[in-house]
1. With charges only on Cβ, +1 for K and R and -1 for D and E, what is the dipole size of the chain about its Cα centre, in debye, rounded to 20?
2. Using square roots of five times the C-alpha gyration tensor eigenvalues, list the equivalent-ellipsoid semi-axes of the range 1-122 in whole Å, biggest first.
3. Using a cut-off of 10 Å between beta-carbons, work out the net charge of the residues near Leu42 (Lys and Arg +1, Asp and Glu -1, Leu42 not included).
4. Would you kindly state how much longer the chain becomes between Ser138 and Leu348 on full extension, computed as 0.36 nm times their sequence separation minus their alpha carbon distance, in nm to one decimal?
5. Looking at the calculated P(r) for the range 131-232, what percent of the C-alpha pair distances fall above 16 Å?
6. Let me check against my output: what whole-number percent is the relative contact order of the range 245-390, with C-alpha pairs under 8 Å and at least 6 apart?
7. Determine the sum of side-chain charges near Asn26: Lys and Arg each +1, Asp and Glu each -1, restricted to other residues whose C-beta is under 14 angstrom from that of Asn26.
8. Sorted by mean Cβ packing within 10 Å, highest first, what order do the peptides 233-242, 328-337 take?
Amino acid sequence: MTSLGAWELPEELRMVRETVRRFMENDVKPAEDQVPHDAYELPESLFRPLSDKARTLGLWGYRFPKQYGGGGLNLLGQAVLAEEAAKCRMGINIPACGAFGLDVPSPIFRGSQQQIERYAIPAIQAGKRVYIAISEPSGGSDPARAIRLKAVRRGNSYVLNGQKMWIGAAASAEWGLVFARTDPGAGRGGISCFIVDKNVKGLTMRPIPVIRSLSPYEMFFDNVEVPEENRLGEEGQGFALCDKFVVESRIPFSAGCIGVAKAALRIATEWAKTRETFNSKLADKQAIQWMLADSEMELRAARLLVWQAAWKCDLGQDAKIDSSIAKVAATETASRVVDRAIQIMGGLGVSKELPLERWYRELRVRRISEGPSEVHRMVVARHILRSGND
Ligand SMILES: Cc1cc2nc3c(=O)[nH]c(=O)nc-3n(C[C@H](O)[C@H](O)[C@H](O)COP(=O)(O)OP(=O)(O)OC[C@H]3O[C@@H](n4cnc5c(N)ncnc54)[C@H](O)[C@@H]3O)c2cc1C
């Protein structure tokens, strides 16, 4: 038996990672330096050359299935690339400034061929974000119980009435996936998923200002009519369609957090090597060295947890617990590391001269969205109480 290669990334993936690293350094960052600190997109003149180059490099839509025009990369590959693509100022929410295309929620690929052709493929080609609307004012942590948005069948349509809350990209997306209750008495099995077009009659929105500059939206459905052909999957199958999606989407989400934290640690490390206080460099002081060392150790551990969850998904194993563990480890570690990086930088750390304060604010959201840390801990605790620990 040999352990050779047991932990090393495949050669092919290391090469793609190098390509993305170079692209981020040489192309993305210089373009991003020309837009304001809190910008969430590049003007077309800066964006177009980036996306053209990404297409040439084969990186456009790397997350999506090959048969629909994506790169078909497995989850381990997605984790590795998401980490690198996050290493720019807008990288947590807009990886590589959108140069690889933005997120299209994977449940759409479980829809009919007609739905995929009409909605998924144009979204992949355009590289635009699509929203996914689950949370409501009644709560986001426990959506199976909290969803109140009603969808009532009328002829060949459904009529939607109610609200959604905290929905990212709701105003800019051409369409989104909306989860609504079709059977009030059926609990989790009473929720269905609908594809809702932009500008549909009866749908209004308002932005909710939050700690980061990118606002999510509150959505109001007032007799919004959705044709039956826009129901994704069977009636009552809304959550079943998403089971795989929620587990898998946490992997690039978590890897992105590690990417910005790595970038923050690099900034702080370089600074510590040159900044002097009390007659010596910051890097010579044990208090600073320990912050750097703890950050490196914690990030390596969190990254392995993310990769482990990805491996299990790629092997077709149940990764529900692993992806919860990875999500908590990555988001909490990244928050601590960026906080330490700010501390090492002193006043500069909280200034808008550097990306750190922006990452700090954006990472704070990440411990709540995609399931708050407490809910993931609950999932893990229930598992070990039921089945023991591995
Ligand atoms: C910026 C932003 C963007 C978002 N984007 C989207 C989106 O695109 N689509 C979407 O559907 N949703 C989105 N969300 C919603 C997000 O998923 C919810 O905010 C999250 O699930 C928590 O729901 P809640 O805010 O209703 O808090 P609640 O469910 O009321 O929970 C409040 C707090 O209680 C604690 N808690 C909850 N349950 C437990 C438990 N079992 N044990 C211990 N403590 C617990 C947690 O600390 C939690 O943060 C977004 C949120 C934000 C802030």
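1. 460 debye
2. Each semi-axis is the square root of five times an eigenvalue, giving 25, 23, 12 Å.
3. Cβ neighbours under 10 Å give a net charge of -2.
4. Taking Ser138 through Leu348 to full extension adds about 71.6 nm, to one decimal.
5. 53 percent
6. That works out to 29 percent.
7. Local net charge: -1.
8. Highest mean packing first, the order is 328-337, 233-242.
The values are calculated or read from the model by the stated rules, or taken from the named source; none is laboratory data. All figures in this text were calculated on a predicted structure; none of them were measured in a lab. Every residue, glycine as well, gets a Cβ built from its backbone with ideal geometry; the counts of neighbours run over all protein chains shown. Side chains included, ligands, DNA and RNA excluded: accessible areas come from the protein's heavy atoms. Shrake-Rupley method; radii C 1.70, N 1.55, O 1.52, S 1.80 Å.
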